[in-house]
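The values are calculated or read from the model by the stated rules, or taken from the named source; none is laboratory data. Worth saying up front: this structure is predicted, and the values here are computed from it rather than measured. Glycine also receives a Cβ, built like all others from the backbone with ideal geometry; neighbour counts cover every protein chain displayed.
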There are 2 protein chains.
Amino acid sequence: MKDRFRAVQFGCGPIGCAVAKLALQRSNIELVGAVDIDPNKIGRDLGEIMGAGKNLGIPITKDIDGLFAKTKVDIVFHQTSSSLKKVAPELIHLLGFGVNIVSTTEELAFPFMTHPELAAEIDKVARANRATVLGTGVNPGFVMDSWILFMTAVCQEVRKVKAVRVQDARSRRLPFQKKIGAGCTPEQFQKLVEAGTLRHVGLTESIAMIADGLGWRLDEIAESIEPIIAQEHVQSSYITVNPGQASGVRQVGKGLRGKEEVITLEFEASLGAPESYDAVYIDGVPNMEVVIKGGTHGDIATAAIVVNAASRVIEAEPGLLTMKDLPIVISRS
Amino acid sequence: MKDRFRAVQFGCGPIGCAVAKLALQRSNIELVGAVDIDPNKIGRDLGEIMGAGKNLGIPITKDIDGLFAKTKVDIVFHQTSSSLKKVAPELIHLLGFGVNIVSTTEELAFPFMTHPELAAEIDKVARANRATVLGTGVNPGFVMDSWILFMTAVCQEVRKVKAVRVQDARSRRLPFQKKIGAGCTPEQFQKLVEAGTLRHVGLTESIAMIADGLGWRLDEIAESIEPIIAQEHVQSSYITVNPGQASGVRQVGKGLRGKEEVITLEFEASLGAPESYDAVYIDGVPNMEVVIKGGTHGDIATAAIVVNAASRVIEAEPGLLTMKDLPIVISRS
C-alpha cells in the first residue's frame, strides 16, 4: 500500500469541506490544492471556507489547468453534483492529467445501466490516462448496495434482497432537512418532487449494482416517492413541522424480474423518525437479517468512505470502477 | 467474469462434501474430480460419500498427479485440516499444477504473522505457477475479520474493534458439538484443551488480519479458552448435558497495543445458548454496532463463501491472498 499520497479537494461545499477536513487529519494524505467555481470562494483559503479557524495555505482556485500543471497529484476528491451529465466534463478534464478520482456523484456509483455512453467514455479516458475513477458514498456506495453484496458472501443462494434505511434527520444539516421536504405542505412537497430537487439520487444505481453483482437480469427498475406526513408537532434546531405537513420523505426503489420484486430499497428520512437504522434482509439460503443500530450518519460516513477509498483507488487498475469491484475499503487513520 | 470453470474437491469430509454439494448446484461450476486419502473413500464415487443418493461419475482418488495430468482444472476446493503446517505440502503440490485454490485451512486465513516462512513459500510457489491461493471460511474469513474491516469503510476513525459470535450449537453436526466439549466434565474439558483438540482455530489469524488492515502494530495477541458450565439440563439430538458439565466453549482473543486491548474477539458455542448472533462493535467516529440476527450458520456459510469466492480467486493476481485483499465476494447462483 502506498504510504503517502497527495490530494486535491474538488468542490468545497459542505460535503467537500467534510472530506477535506478528514483528509487533513490523516497523516498519510497531503492536501495540496482546492478547486471550486463559486466566485465567493475563489481566491480565499480553504481553511476559511471550511471554518477551520485558521488558514491552510491552500487557496481555492478555478484554474484547474494551472493547478495540475504545477502540482503532482495522486488523487482528487470530487464533490460537486449528483448528476453524471453535469460532472462528466469535470471528470474527463481531470482524468486528462492522469489523476485518480473518488467522486460522490451519486449517478457515478453504478452508471453502466442509466448512463451507458457516459460511463463508457469515462472508462475509456481513464484507461487511456492510466487513472482510476470511483463513485462512492454512504448511499449509493455502501448501505444500500455494496454492503448487501458483501453479506451475500455467506449465502448459498439468494432469492431476494431488501435494504431499509431510516433516518431521523434532526441531527443532519439544514440543507439536508430542507432537501427531504421537512416543513412543506403536501402541495409544496409535490412541487419539489416535480422540480426534481427533492429526490434522493442513487436508488436506481444501487439496484443496478446489486443486480449486476448477483448476476441477475432485471426487467424493470421503478422508483416511487411520497411525503411522510407529521401526525404531531416535530421540531429540529432549524425547522418546525406542524401536523399535516411533511416531516420528510419516503422513497422506494424496486428491481423486478418479470412481475417479481427481487430487489427492494426503502429509504426514509424525516424529522423525528422513531428509530434510525440501516438494515439488510436476504431471502435465501440462509435467510439473513443484519442491522446497523442507530444507522449510518450520512455526512460523517460519506466523508469517511471517500477518504478511506483513496488508497484502494490509487492501487487499482485503471478505468471506471464501482464499490463492488474494489477490494474492501478499510479505515486507516 | 469467467462464465464457467472446472473444479476439483480436495478433502471429502463433512465440510468438503458440503462444498462439493453446493458446487454441483451452481450452473457455472463443473466438478471434475475429488481427492481424499482415506482408504475407505478411495475408489468410491463422490456422490455416494456425499450421500447424494446417486453416483456422480466422480471417483475419489488419492492420485493427485494422475488426476491433474489428465484433467484441466481452474480451481481446487481444499478442505482437509486447520493446520497450515499439515496442509502446506498439499497446497504446494497443487500449486505446481498452476491451479487456483480456495482453502478452509483456518491458519491460512492470515498466515503472515503466525507462519511467516510458510506463507512466504506458498506465496512464492503460487506466483511462480501463476496461481492464486485464498484461505477463507465463515470464521476466520468473514464474521470476525473481513466483515469488521468492511464496516470500518464508513468510519472516520477507529479506536477499538470487537466482534462477538454466539452460537447455539444444537443445530450443528455431532462432530462440532463434540469439538466444543459439550457433555464433558470440567476435567475432561481441560484435557481436551491441553490435547489441543478443543480449540477453535482462527482467532489469532483474524486479529492479525484486522490489525494489518487497519494499519495497527500490535504488541501482543493473547487467547484464552474456558468451558461454559451448564446450570441446568440441556439436550441436543445427540448429546445430553447435565448441570455442572460443559455445554460448550468460550474463547476470547485479544489484540493489545501496549496494555490497551484494541481488538477483542469473543467466540461462544454451546448447546442451548440463549440467542445466536454475530455482532461487530466499533469504537470510533462514529461508533458502530452491527448485528447479524440469529447468527451465521457455520457449515452453510463456510460452503457458501468457499464456492462464492472461486470466481474472485480465479480472476485475482497470482499469489497468496486474504479476504481483505480480494474484491468483495458475492453469491452468484
Inset, instruction - Just need a number here: residues in the stretch B:66-109 that are closer than 18 Å to B:Arg4 by Cα and free of Cβ contacts under 8 Å to residues at least 60 places away in the same chain. - result: 1
Legend entry - Qualifying position, being surrounded by fewer than 24 Cβ atoms within 10 Å (Cβ to Cβ), within 14 Å of chain A (Cβ to nearest Cβ) and within 18 Å of the chain's Cα centre (by Cα), among B:Val138, B:Val143, B:Val164: B:Val164
Inset, instruction - For the stretch B:302-316, state whether one or more residues are at the interface with another protein chain (Cβ under 7 Å from one of its Cβ atoms), in contact with a strand residue (DSSP E or B) (Cβ under 8 Å, 6 or more places away or on another chain), farther than 16 Å from B:Ala7 by Cα and not hydroxyl-bearing (Ser, Thr, Tyr). - result: no
Legend entry - Unmet requirement for A:Thr197, which otherwise passes all of (1) under 28 Å from A:Glu261 (Cα atoms); (2) among the β-branched types (Val, Ile, Thr); (3) at pLDDT 95 or above; (4) under 19 Å from the mean Cα position of the chain (by Cα): (3)
Inset, instruction - Filter the stretch B:273-301 down to residues that are under 12 Å from the mean Cα position of the chain (by Cα) and more than 8 Å from chain A (Cβ to nearest Cβ), then give me how many there are. - result: 2
Inset, instruction - For B:Glu90, state whether it is acidic (Asp, Glu), in a helix (DSSP H, G or I) and over 30 Å from B:Val291 (Cβ atoms). - result: yes
Legend entry - Criterion (more than 10 Å from every other protein chain (Cβ to nearest Cβ) and more than 23 Å from A:Gly294 (Cβ to Cβ)) met by exactly one of B:Leu320, B:Leu265, B:Leu326: B:Leu320
Inset, instruction - Having 1 or more residues that are among the small types (Gly, Ala, Ser) and either modelled with pLDDT under 95 or buried (at least 16 other Cβ atoms within 10 Å of the Cβ) (or both) is the bar; report the strands (runs of 3 or more DSSP E) wholly within the stretch B:1-84 that clear it. - result: B:5-10, B:29-35
Inset, instruction - With respect to A:Val249, determine if the residue is touching a residue at least 40 places away in the same chain (Cβ under 8 Å), within 14 Å of chain B (Cβ to nearest Cβ) and either surrounded by fewer than 18 Cβ atoms within 10 Å (Cβ to Cβ) or under 24 Å from A:Val201 (Cβ atoms) (or both). - result: no
Inset, instruction - Mind telling me which of the residues B:Lys124, B:Lys178 ends up being in a helix (DSSP H, G or I), in the same structural domain as B:Thr240 (by TED's automatic domain parsing) and basic (Lys, Arg)? - result: B:Lys178
Inset, instruction - Give me a count of the residues in the stretch B:238-286 that are among the hydroxyl-bearing types (Ser, Thr, Tyr), touching a helix residue (DSSP H, G or I) at 6+ places or on another chain (Cβ under 8 Å) and either at positive phi or modelled with pLDDT of 95 or more (or both). - result: 1
Inset, instruction - Take A:Leu198 and decide whether it is without any contact (Cβ under 8 Å) to a residue 60 or more places away in the chain, crowded, with 22+ Cβ neighbours inside 10 Å and not in a strand (DSSP E or B). - result: yes
